[in-house]
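J.: Have a look at this one.
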Amino acid sequence: MPFDDPKTHLELTMVHEVMILDNSGFDLGMILYTTNLKFAMYGALIANFFIGAFPWYVALLVFFAVQFFFAILVGLLESFTARFRMSHNAQYIFALSSVSLLIFFGVLLVLGKFI
């Protein structure tokens, strides 16, 4: 995941926009559609944690509520974390590495492959 430096914010944005703007018409539509589809699928995976054994009409309402709150949460996180200073990167990388290592060993333990 690239880190954002407020001094180079426009340069990072331009690189991303050029990747998309090289396409037009159907290809651009497919790129934008797949981005939205990916977001919806991540939201659906998160919503499945909360649906459980509800009846279908309650599960449908919970699904759309989770999708809505997921969209709000991602929007807020992206808008506030875009201005982090580069000095926080070491803490960010350490925290992500620690959590991913714990998840990795947890999965090994659950699968019974932990030696």
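J.: Looking for whichever is part of a helix (DSSP H, G or I) and either modelled with pLDDT of 80 or more or of a type in the set (A, V, I, L, M, F, W, C) (or both) here; the options are T34, T8. Which one fits?
T.: Going through T34, T8 in turn, just one is part of a helix (DSSP H, G or I) and either modelled with pLDDT of 80 or more or of a type in the set (A, V, I, L, M, F, W, C) (or both): T34.
J.: Something else now. Only residues in the stretch 25-51 that are on the phi < 0 side of the Ramachandran plot count as the first member; pair them with residues that are of a type in the set (G, A, S) and part of a helix (DSSP H, G or I), Cβ under 8 angstrom, at least 6 apart or cross-chain, and list the lot.
T.: The qualifying pairs are F39/A71; G43/A71; I51/A59.
J.: Restricting the stretch 79-96 to residues that are within 17 Å of the chain's Cα centre (by Cα), surrounded by 10 or more Cβ atoms within 10 Å (Cβ to Cβ) and in a helix (DSSP H, G or I), which is modelled with the lowest pLDDT?
T.: Checking each candidate, the answer is T81.
The values are calculated or read from the model by the stated rules, or taken from the named source; none is laboratory data. Please read all numbers here as calculations on a predicted model, not as lab measurements. Positions of Cβ are generated from backbone atoms using ideal geometry, with glycine treated the same way; all protein chains shown enter the neighbour counts.
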